[in-house]
Every structure is written in structure tokens, then in C-alpha cells.
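Below is one structure, written out as C-alpha cells; comments come after it.
The values are calculated or read from the model by the stated rules, or taken from the named source; none is laboratory data. Treat the numbers as computed from the prediction; the structure is a model and nothing was measured. Heads up, the Cβs are rebuilt from the backbone with ideal geometry, glycines too, and the neighbour counts pull from every protein chain shown. What goes into the accessible areas is simple: the full protein's heavy atoms, side chains included, and nothing from ligands, DNA or RNA. Shrake-Rupley method; radii C 1.70, N 1.55, O 1.52, S 1.80 Å.
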Amino acid sequence: DGGITQSPKYLFRKEGQNVTLSCEQNLNHDAMYWYRQDPGQGLRLIYYSQIVNDFQKGDIAEGYSVSREKKESFPLTVTSAQKNPTAFYLCASSIIGGDGYTFGSGTRLTVV
Amino acid sequence: RKEVEQDPGPFNVPEGATVAFNCTYSNSASQSFFWYRQDCRKEPKLLMSVYSSGNEDGRFTAQLNRASQYISLLIRDSKLSDSATYLCAAPSYNTDKLIFGTGTRLQVFP
């Protein structure tokens, strides 16, 4: 079955450490997105990509980096420059101009 | 004004009740809208798409009011299992990215 897979489900980061969240899709979608969701709040866009080797900053890109070397993969790195990284991170994909987004099951990141 | 706005709720309704949520949007050129359901600590899942006047799927009806720039979600005969947060989404200005509302929380009680 086609879908979008995020890993790990839970991640603990020490202060000053970079961590990378994985997002893989086999839906043949061109566009992929990373969102952050804080408790009781909406989705805030971090980065998005509509084509391989190209990506754009969203509303809260500071402290994050991404790559899009393959159509299927869009990993997100949370760098030490992100001062408040504890949140629920959601990856999504879509056909450009298509019928909504499909979300992965999310990664819950906690700073320890 | 936010591009997409929702009443955060919570809406507390008894089983069997009919409940409706509204979502206002500011991009008058938007052609497609979406309702998502999000359970606690889970990802949003697409509930319904709305492209013209409306869409119906069982107990759920989504309607679009272009003149007043809002979409609505009507849930009839509410079930305990309908308890969740409902997010609406609409295209952003000048891009094809979706903008999500902050969600409306529904709690159905016995």
C-alpha cells in the first residue's frame, strides 16, 4: 500500500545536538512538506519542496535544514540553532495542485 | 486577519446531536478546500474535500459559501468516536500551498 512513513516515532535530543527526522513516501507525489505542531496549536510550515533538488523556506525555517535528493525522501534536520525544538513534527506530501495532503504519523521530538 | 480562521471550541455535544463548525478564509480566488480530522497525538487525516457548492459523505456534510468566504462542516447524529479536532485548509495567496486553521475541538459525551 502506498503511504508516507516518518521515523522515528519518538526522538530525544540533548542540548546542542543536531538530529535528523526521516520522511519517505511511495505515493509518487511531487511535493513534500514539513510542519511543526505545538500543543493546542495549529500546523506551522517549516520547509517545502515541489521538485527534487529544490526546496523553499516556510514560515518558521530558522534552525532547520532539509534536502531533497530523491523524489521519495525529504529529511528534516533540527539543528542546535533551534532554541525550542520540542514539538510534534509532521511530514506531508501531495500532487501539486491536487486533492489535499497526505500526512505521515509524525515524530515527537523532546529536548532532554 | 489570518488566512484561515476557526473557532477553537471546544464544542461539547451529546451523542445524537447535530453540530456545525465554520471556517473563514481570506483568499477569494481559492477553488478547493479541505476538512481534516486529527485525533489526540496523531496525524491529521483527510475527511472531505470541497470544490464547489458542497460535499456529503454519510453523516458529514461540507458546504462552501463563496459570498461570505467560509466553509462549514456539519456532523449529524454525533457518535462518541467523532470526538477529535477538525482542521480546515485552504490554498494560500499566490501559491498552491495549503494554509491550515488551528482546528476546532469536538467532544461528544454519552
What residue, among those in the range A:64-86 that are open to solvent by less than 10 Å² (accessible area, probe 1.4 Å) and over 10 Å from the mean Cα position of the chain (by Cα), is nearest to the other protein chains (Cβ to nearest Cβ)?
A:R68
When (1) farther than 26 Å from B:A17 by Cα; (2) within 14 Å of another protein chain (Cβ to nearest Cβ); (3) open to solvent by 60 Å² or more (accessible area, probe 1.4 Å); (4) more than 15 Å from the chain's Cα centre (by Cα) are applied to B:R41, the one that fails is (1)
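One line per residue, one yes/no per condition, for (1) away from chain A (no Cβ under 14 Å); (2) surrounded by fewer than 16 Cβ atoms within 10 Å (Cβ to Cβ); (3) touching a residue at least 60 places away in the same chain (Cβ under 8 Å); (4) within 22 Å of B:P8 (Cβ to Cβ):
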residue: B:L64; (1), (2), (3), (4): yes, no, no, yes
residue: B:Q69; (1), (2), (3), (4): yes, yes, no, yes
residue: B:L80; (1), (2), (3), (4): yes, yes, yes, yes
residue: B:L98; (1), (2), (3), (4): no, no, yes, yes
From the residues in the range B:82-96 that are within 22 Å of B:Q31 (Cα to Cα) and more than 11 Å from the chain's Cα centre (by Cα), which one is surrounded by the fewest Cβ atoms within 10 Å (Cβ to Cβ)?
B:N94
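From A:L76, A:L43, grab the single residue that is modelled with pLDDT under 95 and not basic (K, R).
Selected residue: A:L43, the only one of A:L76, A:L43 that is modelled with pLDDT under 95 and not basic (K, R).
When you look at B:V4, is it in contact with a helix residue (DSSP H, G or I) (Cβ under 9 Å, 6 or more places away or on another chain), touching a residue at least 24 places away in the same chain (Cβ under 8 Å) and open to solvent by less than 40 Å² (accessible area, probe 1.4 Å), yes or no?
no
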Leading residue by the ranking (nearest to the other protein chains (Cβ to nearest Cβ)) among those in the range B:44-60 that are within 19 Å of A:G3 (Cβ to Cβ) and open to solvent by 60 Å² or more (accessible area, probe 1.4 Å)
B:L46
